[in-house]
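The values are calculated or read from the model by the stated rules, or taken from the named source; none is laboratory data. The shown structure was predicted, so the numbers you read here are calculated from the model rather than taken from an experiment. Positions of Cβ are generated from backbone atoms using ideal geometry, with glycine treated the same way; all protein chains shown enter the neighbour counts. We work out accessible area using only protein heavy atoms, side chains counted, and drop any ligands, DNA or RNA first. Shrake-Rupley method; radii C 1.70, N 1.55, O 1.52, S 1.80 Å.
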Amino acid sequence: MRPLEQMLSPMIKNNLKDVNQNEISLLDEIKKLKMEVLCEKINSSQVTMVRPEIVESWLRSFKYGLNPNDNNNGIILDQNAYDELIKEKAFLIQAADPFIQQLENMDSNYLILLTDEQGIILRVATGKKRILEQVTERFHLIPGAIWSEQSVGTCSHVMSLLLRSPIQLCGPEIYLETCSQVLGRLLGSGLQSNVLEEFDDLNQTVCSSAPIFDLNGNLAGSLTIISPYLHHQNSHSLGLTISTAWAIQNQFQLALNSALLNVTLEAADEAIITIDQNGIITKANMIAQKTFYNLYQELTGRHLDDVLGHQPVILAVMETGRSVFNTDILLEGKNQKLLLRSAQAVKDSYGKNLGCVLTFKQIERIKKNAHQLNGAEAKFTFDDIIGKSPLMLKLIEIAKKYSCLDTNVLIQGDSGTGKEVFAQSIHNESRPNGNFIAINCAAIPITLIESELFGYEGGAFTGTDRQGRPGKIELANGGTLFLDEIGDMPLEIQPVLLRVLEEKRVMRVGASRYIPVNFRLITATNKNLLERVKNKQFREDLYYRVAVLKLQIAPLKDRGPDIIRLARHFISDIAQNQQIPAPVLSDPAIFRLLEYNWPGNIRQLHSALLYSVNMASDGIIELENLPEEICPVLCDIYSGGRGQKAAEDTAYNQISNNELTIKDMEKITIMQALLQTNHNVSEAASILGMSRSTLYRKIKGYKVLEDMRINS
């Protein structure tokens, strides 16, 4: 800002309390100097009692063809242009109107002008209605009038905009003499008449102007207060102008900030909520409104606890000022989980907490984005695992416990038993917001597995992406890396993986810098890794790194009634995909599914049911509708000792006649288990997924002893 002495008119700087002849002489001298400069009788540098920038403006005004003794009125914008200008300056006008109204209510002789950065009038106001009418009639000083240096010459708001600083002009410093004098008379009409009569030559105006800037320091407009020269408070009018302009500027910038924030919030692809220090929601973007629509249709003005329930995490941010990132929160009473992407405190320059900005993402949406980005969606949870037998329930219980432990898990089991289903379930329980990156170590050529795991820098290989490519480990940062068939990982890659696990950082192929990573490792294999360690096919140190927690998945043949549960689930899905009614399994078909050994496990069961659904007729899957490998010529199946042959003959006769009931099937299943274990009740109970006492009770209830001789 310019020094005060450069802002004030020299006549006001003298702090004259009373009007005297010297003051009149000063006015006359400035008038004379102005005319001599314009007529080129003297050089502008010779005018020392008037500020140089004012003299320079006089000369420019004269070059524009303006006569200082004429009464030039500003050009008026046409209605369409004026309407567009009002829309453009809506924030400035809304910010200024309350302050202009306060000045009007002061019952003073002030004339208040609000302009844009070009000097176009936006508002004209005064506390004296009669004066406003006369000013409007005499000078066409109305909203839409263009009062620029080119149209009206030197005046305070023109100079304020040019200098980007507050300034005050008095009397003949204003280029148009008539304008200054007439305005002075109109505004001074409220003063004592005897003073006016005695000093008629002092009926001049004093104009004080201050610029108004936007958020980026660009000129947005100006505020001007015009008063009669005889008004004794002219020395204070500049201060009033500056303070009022600053107040308008503050409100104007706040409005712009708010509008900018609204645009930013709406442009975001996440739900964003801002709250004040009392927890009241002050803003919520459209995504937030949609996210919480079922809770409240209007969020603004509500307390955050009303929407989210009590959230200690957010409360801690408000109290401590320490930000929180990527935290799951559960909406109280809504059974809905959200990811609190960030909760960041907003503080003033003194460190006082003013509120908080909250950013949310829905868990389902995050999973979808991860799938689109990486092509690997962790869609299974523990609720999706079909199994109610004691064996499976125990397995699920163990897996859930592992989910709470952020350490490596090795899942072992035959091919097709559902190892990846358990891996995805553990991921969704422990790191649901991160990526689930799966890679089959047996399916990738040895020459590519290193670049697949670790990625590569641009130019590392001929014909690859010039910008490089992140590897699976890098993509798994923040989530889970699932290495299926890890037993088939090449020996030369194993030490590199071990180093990544130990150091939690990875280096791309062809790179020279490490990238920090934080992921959970889940591995799976259908091989005996310890056996491979003994045979020098798998590193022992890597084995103990990946096998911190072990999960052994039971083969399908050991899951008893869960086989039928899975079968019915597959039948329903297959029928729905093919848009046909779902057939039901006949009792003989159920028994055969329970009896079969299932070397291909769940994958084989699904394939078998896909075949059977399409082969079924009359809505029933019969024995003949099962694949040939599952139900060949029955008489060729049964062989063995006398007791086994008798039991199987009974089963065959019942199957052929389609006379089996559920109890019959369970009885036959128990007999088959006992035969399979050489009559060992403990082992048979384990296969059937029931306790010894339960098995003994069923043996007695079904009178199995009458059909078989049991050596327990």
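Place a point 7 Å from the Cα of Asp618 along the Cα-to-Cβ direction; which residues of segment 550-589 have their backbone N under 15 Å from it? It comes to 583-589, nothing else.
Please list, by residue number, everything in segment 396-414 whose backbone N is under 12 Å from a paramagnetic label point 7 Å out along Cα→Cβ of Lys550. Residues 410-413 qualify, since their backbone N sits under 12 Å from the label point.
Surface analysis of segment 56-111 yields an accessible area of 60 Å² per residue, using protein heavy atoms and a 1.4 Å probe.
When each of the peptides 694-700, 581-587 is scored by the mean number of other C-beta atoms lying within 10 Å of its residues, the order from highest to lowest reads 581-587, 694-700.
Length available on full extension from Cys404 to Asp306: 0.36 nm per residue minus the Cα-Cα distance, which gives 32.2 nm. Taking only the alpha carbons of segment 524-586, we obtain Rg and Dmax values of 19.4, 54 Å in that order.
Arranged from highest to lowest average of other beta-carbon atoms within 10 Å per residue, in what order do the peptides 618-624, 352-358, 220-226 appear? Before the final figure, lay out the partial values.
On the way: 618-624: 15.1, 352-358: 18.0, 220-226: 26.7.
Result, highest mean first: 220-226, 352-358, 618-624.
Taking amide H as placed 1.01 Å from N in the peptide plane, Phe538 has its amide H under 5 Å from the amide H of Val533, each at least 5 places away in sequence or on another chain.
Can you give me the Cα centroid spacing of segment 58-76 and segment 491-539 in angstrom? For segment 58-76 versus segment 491-539, the Cα centre distance is 84 Å. Karplus-derived 3J(HN,Hα) values for segment 532-542, using 6.51 cos²θ - 1.76 cosθ + 1.60 with θ = phi - 60°, are 5, 5, 4, 8, 6, 9, 8, 5, 5, 5, 5 Hz; glycine and proline are entered as x.
Would you kindly state how much longer the chain becomes between Glu29 and Glu53 on full extension, computed as 0.36 nm times their sequence separation minus their alpha carbon distance, in nm to one decimal? In short, 6.8 nm is gained. For Ile76, the residues whose modelled amide H falls within less than 5 Å of its own, excluding neighbours fewer than 5 places apart on the same chain, are Ile146. Computed from label points 7 Å out along Cα-Cβ, the spacing between Ser323 and Asn577 is 4.5 nm.
Remark: for residue pairs Lys663/Lys700; Lys401/Lys663; Lys527/Lys550; Lys400/Lys557; Lys361/Lys388, the C-alpha separation exceeds 25 Å in Lys401/Lys663; Lys361/Lys388.
Amide H to amide H, with H built 1.01 Å from N, Ala438 comes under 5 Å of Phe482, counting only residues 5 or more places away or on other chains.
Determine, for each peptide in 443-455, 561-573, 409-421, the mean count of other beta carbons within 10 angstrom over its residues, then list the peptides with the highest first. Don't skip to the end; give the middle numbers.
Numbers: 443-455: 16.1, 561-573: 18.1, 409-421: 21.0.
Ranking the peptides 443-455, 561-573, 409-421 by packing returns 409-421, 561-573, 443-455.
Histogrammed with a bin width of 5 Å, the alpha carbon distances of segment 451-569 distribute as 2, 10, 17, 18, 15, 13, 9, 7, 5, 3, 1, 0 percent, first bin at zero.
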